[in-house]
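> One structure follows; several queries about it will come next.
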Amino acid sequence: MEQSEQQTAQANRYLYIHRLNHNTIETLTGSNYLRWKQDLEISLGFLDYDFVLKEDPPQEPAADASAETKTKFARWNKANKMAILIMQRAMASSVKGSVAKSDIAKKYFESIAQRFKESEKAVKSTMLNKLIGMKYDGQGCVRAHILYMIDIGTKLQELEMTVDEDMMVHFALNSLPKEFKSLRETYIAQKESWNLNDLITISVQQEHNIIRERGTKMVNMVQVKEKRESKKNTMIEKEKSSNTEKYQKPSTGMKCFFCKKPGHMKKECRKYKKWLDKQKTKGNLEQILVCFESNLVDFSDDSWWLDNGASIHVANSLQGFTRRRLPRKDEVKVFVGNGEKVQVEFIGTVSIELDFGFVLELDEVVYIPSMKKSLISVTRLVQSKFNLNFDGTGCSIFKNKELVGKARLVDGMFQLICKRTDFEVNTVQTKTSNEVSYKLWHKRLGHISRERINLLCKESILPPMNHDSQNEICIECVKGKLTNLRKKGAIGSKGVLELIHTDICGPFPNPTHDGFTYFITFTDDFSRFGHVYLIKEKSSALDMFKIYKAEVENQLNLKIKVVRSDRGGEYYGRFDET
């Protein structure tokens, strides 16, 4: 009896480890292959299944083979099946259908890698430019900044690009602001070279000294200001005593905007000061303490994080809001960890579906678009009768002694594990009935055909459609397909990459935050599959085409035969913004 209980406990623990490892793998959607590969290798390593991705399949043992050989084959067979199931579970439906199936985990993993293989030259160029151009802006701490640069250098070394430790020290010193000028001069004057550990230690100490000097300067400035104000008040009192009638007479051009009485301004109004004191006692002037987020730049912006230093819930997106309202005058701005005030756009209720199926309702969530991450106040959760259990791996959330959700520990913060869906639609400003309209999705997806929408619904990429508006005539499609002349001799392409259509759109009056004012498209004539790239100038069209050519030819193992454009001049050097 005791042995069976131990086996049951071991099996439950095994299933828990499986579930925990599977939830940590980011779903492969196409643009996140590198992160997906890293999560998959870590998960299979925890389960001791990673050897099937490196070893070839062993031969099936004969009937008279030894027990050790049979056990080894059975272990490989089990690990092979589990690795394939884990990879298929961590892939989106559209990606899963585009990869050739295989019964061997190693071949299946290699086919996925071949499908999403990127141009190493483009990756090297992007990462190297990022490493050289990085600057420390004082947000967060200098330790996190240098560690992030080291991480980029390590990735470049994995791509067989030489970035030694001495070079990383020079890159890190050049990225520091002018306050660290003495540190750079000290390094140049010394004969010995620093390693990265020495650089981090010295830079952190220098940052502490800079912060201490700033505090001393602020104290001195306040003392000087107080002395000046005391002298100024003394002079005013003397002037008042010599000419009291001048100060007793109210100014006719001055009027309070609060009490509407002349003679003083709003900031000097006694009624306004009493009103502010009442609002503070009511607790309406809320403050929020937010940690620095420089170590979270590699994560999605729509993720939720538990923060025990925040006094209110904060969202950086309207996704998930079920109710919202405009903030009152005393709720327009909140304070963040660096002492600055940020603008509040809306306040409302957010619904978050956790991985266990529990729907977490957050009330009085403040919507601040300038925030990098959405934060959940631990204090507010405890006040809502949630119990939180923190440990070395993450956090467990309980409601009425029942486990309803989990958060994993990521770089010193706890990321809430939410349920992922194949499609996410913002339902704040649209009605639910319109989200399943055939006509609406036909316009959203660029007026695609009826057969293509039915195929997307069959693959569960789109929700089931309401076909009431399916037979309606689309005016835009009719106008777009009208032609003046018929080309009876035109013959379409018969294979992928035989004919590529390209065009540039722009410039736009409002560029992106990175300064892009154009975008260029490349569309395959046979499959109608398109790529879109953002560019700053028309003269960058040829560079984008080289990147596109390397990407599609490596993925499909074919060569582009014909490229067709509108002969706008972007490929002939006749146009340059500069």
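The values are calculated or read from the model by the stated rules, or taken from the named source; none is laboratory data. Bear in mind that the values here come from a model prediction, so they are computed numbers and not experimental data. Because the Cβ atoms are built from the backbone with ideal geometry, glycine has one as well, and the counts that use them run over all protein chains shown.
> So, in segment 434-457, exactly how many residues are assigned to a helix (DSSP H, G or I) and within 18 Å of residue 97 (Cβ to Cβ)?
Number of matching residues: 7.
> Mind listing whichever residues of segment 341-383 are basic (Lys, Arg) and within 19 Å of residue 327 (Cβ to Cβ)?
Once the filter is applied, which keeps residues that are basic (Lys, Arg) and within 19 Å of residue 327 (Cβ to Cβ), segment 341-383 yields 341, 380.
> Here's a follow-up. For segment 494-516, name all the residues that are in a loop (DSSP other than H, G, I, E, B) and of a type in the set (Val, Ile, Thr).
Passing the criteria: 496, 512.
This table checks each residue for (1) under 29 Å from residue 138 (Cα atoms); (2) assigned to a strand (DSSP E or B); (3) among the hydrophobic types (A, V, I, L, M, F, W, C).
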{"residue": "322", "(1), (2), (3)": "no, yes, no"}
{"residue": "334", "(1), (2), (3)": "yes, yes, yes"}
{"residue": "349", "(1), (2), (3)": "no, yes, no"}
{"residue": "360", "(1), (2), (3)": "no, yes, yes"}
{"residue": "364", "(1), (2), (3)": "no, yes, no"}
{"residue": "380", "(1), (2), (3)": "no, no, no"}
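> Okay, moving on. Give me the pairs: first residue in segment 48-69 and part of a helix (DSSP H, G or I), second residue modelled with pLDDT of 85 or more and not hydrophobic (A, V, I, L, M, F, W, C), beta-carbon distance under 8 Å, and six or more apart or on different chains, which are they?
Cβ pairs passing all conditions: 52/80; 52/106; 53/106.
> When you look at residue 475, is it modelled with pLDDT of 85 or more and among the hydrophobic types (A, V, I, L, M, F, W, C), yes or no?
Taking the combined requirement at face value, the residue does not satisfy it.
> Still on this model: Looking at segment 23-32, which of the residues that are within 15 Å of the chain's Cα centre (by Cα) and more than 22 Å from residue 406 (Cα to Cα) is modelled with the highest pLDDT?
Here the residue is 29.
> Based on what the data block shows, is residue 199 aliphatic (A, V, I, L, M), within 30 Å of the chain's Cα centre (by Cα) and surrounded by 12 or more Cβ atoms within 10 Å (Cβ to Cβ)?
yes
> Regarding residue 39, is this residue out of contact with any Leu (no Cβ under 8 Å at 6 or more places or on another chain) and surrounded by fewer than 16 Cβ atoms within 10 Å (Cβ to Cβ)?
Taking the combined requirement at face value, the residue does not satisfy it.
> Can you name every residue in segment 100-140 that is of a type in the set (Ser, Thr, Tyr) and either under 21 Å from the mean Cα position of the chain (by Cα) or at pLDDT 80 or above (or both)?
Correct list: 102, 108, 111, 126, 136.
> Filter segment 166-191 down to residues that are of a type in the set (Val, Ile, Thr) and surrounded by fewer than 17 Cβ atoms within 10 Å (Cβ to Cβ) and give me whichever is farthest from residue 143 (Cα to Cα).
The selected residue is 188.
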